[in-house]
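**Q** There's a structure below that I have some questions on.
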């Protein structure tokens, strides 16, 4: 026979009591544990508290790191970092979530996703895909804008709203794709290739030929943007025939697609605004140009009208013009005569003076050189051998040359005596000293 107490129903738990009971049980068994994992979905609230996921290949768990812990770190972790935490297992009663309350955190090496990101980034950078010299400026006035994104993404609505507000006259060509998940990279590449097929030189001016392509998606966790860190997507963007603007995630998010694209925009809306100038701004520019053109034309008209009035006045009274020109010509002639004549007279006087001086100097020089020439001629004549010979002297030469001494000849030698009027052949018969 059963006891009556055993038939009573068990005490009912309130939800809060159950959560506290589970939390107490976990705290007893998992009071301070060390956990290693990869950081994901990291956010820091305005209060200074930090919230993130700690994950590995098979599982993940929510983590809370309060301000007193985060302020003691040299730097906060970022998505993809591999960290080691000391934490307590707890239950967040308000949501009924299991979480780790982090008491300390230190780097434990970068996670596999971040390592893959950095390796691919370094590889493509070495190949020159990030080189600023290959970047192109988006067209200032595109006729057609290609958009690659999901039809269900809020980014598409943001882009269309921005373009419709700023440049409703621009045609938008959507090439849909999946922006998250395993199949996302393949669909992004396919969507880009479909737009590239429309970009041909012979289609210039055709509204269906994109002048620029936007690759966009809204914000999300770092791992949600993984499709835009794919190598095939990066290489496909790099071979685009037209400029590509990347607007993926929020302003603080960076993907491989951002580095390869010609221009990186902070948000999808910013990407649309970069290639679609506001219609009001364009109208303002046109109005300013029209105003400047009108002022220029009016100024030229006024100048032409004044010139025409002057010409009409001149043509209506030609005699006045002739008299004016004659008077002007007479004035110029008088100025020329009064200015040039004194100079000519002064120059003529100076020239006459210089000519007379030159003539006198030349005459004196001729006389001086003539006297010097006579003196030198007399000296030269006195030194002439013929003059000496005419006075009875002779020039005697022997076998050994000029004879100036009796020691230079021998008896019987033949000598030549040159006189004033001829040469005498001699023979030495005797020598006297």
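**Q** Being part of a loop (DSSP other than H, G, I, E, B) and crowded, with 24+ Cβ neighbours inside 10 Å is the filter here; which residues of the stretch 244-261 pass it?
**A** 249, 255, 261
**Q** Turning to a different aspect of this structure: For the stretch 32-73, which positions are in contact with a helix residue (DSSP H, G or I) (Cβ under 6 Å, 6 or more places away or on another chain) and either assigned to a loop (DSSP other than H, G, I, E, B) or modelled with pLDDT under 90 (or both)?
**A** If the condition is that a residue be in contact with a helix residue (DSSP H, G or I) (Cβ under 6 Å, 6 or more places away or on another chain) and either assigned to a loop (DSSP other than H, G, I, E, B) or modelled with pLDDT under 90 (or both), then 48, 49 are the ones that fit.
**Q** Taking residue 333 as the residue in question, decide whether it is surrounded by 10 or more Cβ atoms within 10 Å (Cβ to Cβ), out of contact with any strand residue (DSSP E or B) (no Cβ under 7 Å at 6 or more places or on another chain) and either outside the structural domain of residue 250 (by TED's automatic domain parsing) or modelled with pLDDT of 80 or more (or both).
**A** Yes; evaluated as a whole, the condition is true for this residue.
**Q** I would also like to ask the following. If you go through the stretch 262-283, how many residues are in a loop (DSSP other than H, G, I, E, B) and either in contact with a helix residue (DSSP H, G or I) (Cβ under 8 Å, 6 or more places away or on another chain) or at pLDDT 90 or above (or both)?
**A** 6
**Q** Hey, another quick one. So residue 241 fits all but one of (1) touching a helix residue (DSSP H, G or I) at 6+ places or on another chain (Cβ under 8 Å); (2) touching a residue at least 60 places away in the same chain (Cβ under 8 Å); (3) surrounded by fewer than 21 Cβ atoms within 10 Å (Cβ to Cβ); (4) not in a helix (DSSP H, G or I); what number is the exception?
**A** Only one criterion in (1) touching a helix residue (DSSP H, G or I) at 6+ places or on another chain (Cβ under 8 Å); (2) touching a residue at least 60 places away in the same chain (Cβ under 8 Å); (3) surrounded by fewer than 21 Cβ atoms within 10 Å (Cβ to Cβ); (4) not in a helix (DSSP H, G or I) is unmet by residue 241, namely (2).
**Q** Condition test on residue 304, is it at pLDDT below 85, surrounded by fewer than 10 Cβ atoms within 10 Å (Cβ to Cβ) and in a helix (DSSP H, G or I)?
**A** no
**Q** Oh, and also: Do you know which residues across the stretch 176-196 are outside any helix (DSSP H, G or I) and surrounded by 22 or more Cβ atoms within 10 Å (Cβ to Cβ)?
**A** Residues satisfying the conditions are 177, 179.
**Q** Consider the stretch 74-93. How many of its residues are within 21 Å of residue 113 (Cβ to Cβ) and touching a helix residue (DSSP H, G or I) at 6+ places or on another chain (Cβ under 9 Å)?
**A** The qualifying residues number 6.
**Q** Separate question: Give the number of residues within the stretch 262-278 that are under 27 Å from the mean Cα position of the chain (by Cα) and buried (at least 24 other Cβ atoms within 10 Å of the Cβ).
**A** Result for the stretch 262-278: 4.
**Q** Which of the residues spanning the stretch 402-433 are touching a helix residue (DSSP H, G or I) at 6+ places or on another chain (Cβ under 8 Å) and loosely packed, with under 10 Cβ neighbours inside 10 Å?
**A** Of everything in the stretch 402-433, those that are touching a helix residue (DSSP H, G or I) at 6+ places or on another chain (Cβ under 8 Å) and loosely packed, with under 10 Cβ neighbours inside 10 Å turn out to be 432, 433.
**Q** A follow-up question, please. Quick check on the stretch 146-165: of everything there that is in contact with a helix residue (DSSP H, G or I) (Cβ under 6 Å, 6 or more places away or on another chain) and farther than 12 Å from residue 216 by Cα, which residue is surrounded by the most Cβ atoms within 10 Å (Cβ to Cβ)?
**A** Taking the candidates together, the pick is 163.
**Q** Please return the ranges of strands (runs of 3 or more DSSP E) entirely within the stretch 74-155 where 1 or more residues are modelled with pLDDT of 90 or more, in the same structural domain as residue 268 (by TED's automatic domain parsing) and touching a strand residue (DSSP E or B) at 6+ places or on another chain (Cβ under 9 Å).
**A** 144-149
The values are calculated or read from the model by the stated rules, or taken from the named source; none is laboratory data. Just so it is clear, the model here is predicted, and its values are computed rather than measured. All Cβ positions, glycine included, derive from the backbone under ideal geometry; neighbour counts span all protein chains shown.
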